[in-house]
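S.K.: Take this structure, written in structure tokens, and hold onto it; I'll ask about it next.
The values are calculated or read from the model by the stated rules, or taken from the named source; none is laboratory data. Keep in mind it's a predicted model, so treat the numbers as computed, not measured. Glycine gets a Cβ as well: all are built from the backbone with ideal geometry, and neighbour counts include every protein chain shown. Surface accessibility is based on the protein's heavy atoms, side chains included, excluding ligands, DNA and RNA. Shrake-Rupley method; radii C 1.70, N 1.55, O 1.52, S 1.80 Å.
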Amino acid sequence: MGTKDHGAGGRDHVRPRRKLPCVNHPKTPAAARCQVCGNPICSQCLTSYEGAQICSSQCWNARVTSESATAATEEKARRRKKEKVADRAVTIVLLSAFIIIVAVAGIFAYVKLSNHAGEKIWEYSDSAGYLSFSIQPDSNTLFLLSRDKLEAIHSLTGRSTWSVKLPERVSSPRIFIIDDDRCLLSLKNKVLLCGSAQATPMWVYSAPQPFMSARPVFFDNRLYSASSAGGYPTFYSGEDSDYFDRDYYYLEEDFDSEEGEDLSVSWRKRSQGQDKEEKKASTVSSVDMTSGAQLWKTELEDRRVGGLMADKDYVYVVAYDFDDDLRSRYRLQAEDTKSGAEQQAGSDEQVGSAQLWALNAATGKAEWKLEGGGGFVIPPMMSGEGIVFSTEKNIYLISASGQIKWTYPIPDKLISSFQPYTDKLFVSTSDGFLFCLDLATGQKKWMTEIGDDPGRIVVSPPLLYVSGLARREEVERKVIPTKRWQGSEDLLKKALKPSGPTYEKILLGIDIESGQTRVSIPKITGNFAHGGGVLYALRYFEWMQFLDASADPTQLSKTVSNLGAYDALSGEKIWETAIEGYASNLSLGKNAVFITARFQEVSLAADQGNKIIPTRLIGISLQ
């Protein structure tokens, strides 16, 4: 573009701008400038390198060198930035890991330092006064049975995970756990399979006879049950001694007793066969556990079944005469009122014979039968040497083919419980002794006194645990009346003072090799459990309320129970917690122990006899 020139007449004239000459050719106007050095160059000198106008190869080399340096600088900057980001990420990860480690350590320290063992974690109450439950030691699922519903409850939260509505109000229940999702309910004359798959029983099997006379067993997806006509169900000492004790679940509605007749009298009439309309027989049945369909049944004439045991080949059945059980149960009680000569004559009485049958597991056909001397006492148990079978007079070891390997006589005694373990058989008797037999030979290895009324035997080497009854000196209870009771102190003392010698249950830990007592825990109720090197036992005592001015005037006292945890090897108390009411039915779960409790109050109220006392299920933490 030229410059303006103002000449005559005021007209503007534009003079063209002179172009710069080429640096290499001064007479030739420049066509462009070198993009490296900036010198003007003509079209003859101009060279294009990758779209850039360059005057010479030197300038191009300089440009490439500069761009390389710039690129290297930029790459270094980018690398440094990435390294900073990576360093920041590593720092964040390490810091987060440190925080997590500190948090976990803090939680671990809190759990360790703040031990919650012995604390109540939840409680369930049933106003109808009826509860039955069961849990396996390695499980966190508790099965709770009320009058018309079965619930699976998480043992740590007390919340129901699934439930089954029962078709009718249950009586005489037993819960048999299959797994966390299924269980069997054995009722008066029915067996129900309940599970998480549906809200009603999966199937119901009705037994051929009116009463379940023995504990059902299941093996290889088959259920084996025994039912009998007439009489009351078989109860025995040992592991299942609570079958009868759990709040008397065989209710009056289960029996056709006459008006005003005591329930035990009705039981006795049935056992003596006074109900002529009933046929004296028992039926052993096999049931498919998938469908509930009966596979086979075998009837035993004039015999009641007292115990069942099963393996892959046989169903072992203990059967006895209908009158033998009554004679066994009441013989010792009747002898208390006899003279010495009468007792001697009674001891020579033939008490009948219990039989051990082996039925084919597939067909129900009898393969062999063994006659035992004496009446039925305890169901058989399997050991490494064979079948342990007992009667009132003998203990037998039986081979799978029905041959007697050895016999150990127990005259003038009644077996309370027995437990085979490896090469030993431990037996407790009603006269307060515990002895050990060699399972291979039947020879006695040792004997020790444990006290009357022994309970079940639990073996956990190097000790076994069993409860017994110890005699204690008479101790008068201390009574301190308030103004409310002034003038009646002597009457209260006389009513509350125990008469005669006192006895208390003790839990003993006995060396399985020598029979020496290593652990002794006094004042238990007889309910105990063992797990993880710890013994859990229930104890109870009465707490007098006379000093409490705010107490209900109709109450004289109430029962407070204690649940204690003890080191299994030393007997040293680890912790103890108090529970209001009379606690019973102790069961051990994976992380908690469970008991039922009732408020047992001494009261002067007129309507106490008809009052329904609620039953409570309580979960106690072991962590």
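S.K.: Give the accessible area for HIS154 in Å² (nearest 10); use a 1.4 Å probe, count only protein heavy atoms, and leave out ligands, DNA and RNA.
M.R.: We get 70 Å² for HIS154.
S.K.: Arranged from highest to lowest average of other beta-carbon atoms within 10 Å per residue, in what order do the peptides 375-383, 80-88 appear?
M.R.: Sorting 375-383, 80-88 by mean packing, highest first, produces 375-383, 80-88.
S.K.: Once you list every other residue whose beta carbon is under 9 Å from the beta carbon of GLY402, what net charge do they have if Lys and Arg are +1 and Asp and Glu are -1?
M.R.: In short, 0.
S.K.: Pull up all non-local amide H partners of VAL36: gap of 5 or more, or a different chain, and H-to-H distance under 5 Å with H placed in the peptide plane.
M.R.: Here the answer is CYS55, since their amide H atoms fall under 5 Å of that of VAL36.
S.K.: Could you count how many Lys pairs in the range 22-171 have their Cα atoms under 30 Å apart, skipping same-chain pairs fewer than 8 positions apart?
M.R.: Lysine pairs satisfying the spacing and distance rule in the range 22-171 number 5.
S.K.: Still on this structure: Out of residues 5 or more away from GLY581 or on other chains, whose amide H comes under 5 Å of its own, with H placed 1.01 Å from N in the peptide plane?
M.R.: Result for GLY581 returns THR559, VAL560, SER561, GLN600.
S.K.: Which value, in nm² and rounded to one decimal, describes the direction-averaged projected area of the C-alpha convex hull of the range 36-100?
M.R.: 5.8 nm²
S.K.: Take ARG304, ARG79, ARG471, ARG215 and sort them by solvent-accessible surface of the protein heavy atoms, 1.4 Å probe, largest at the top.
M.R.: ARG471, ARG79, ARG215, ARG304
S.K.: Taking the Cα centroid of the range 565-595 and of the range 169-226, what is the distance between the two, rounded to the nearest whole Å?
M.R.: For the range 565-595 versus the range 169-226, the Cα centre distance is 29 Å.
S.K.: Quick one: which residues, 5+ away or cross-chain, put their amide H under 5 Å from the amide H of LYS424? H built at 1.01 Å from N.
M.R.: Excluding prolines and chain starts, which carry no amide H, the hits are LEU439.
S.K.: Hey, could you get me the Stokes-Einstein D for the range 16-59, Kirkwood radius over alpha-carbon pairs, 4 °C and 1.567 mPa s, rounded to whole µm² s⁻¹?
M.R.: Working: Rh = 10.3 Å.
So the translational diffusion coefficient is about 126 µm²/s.
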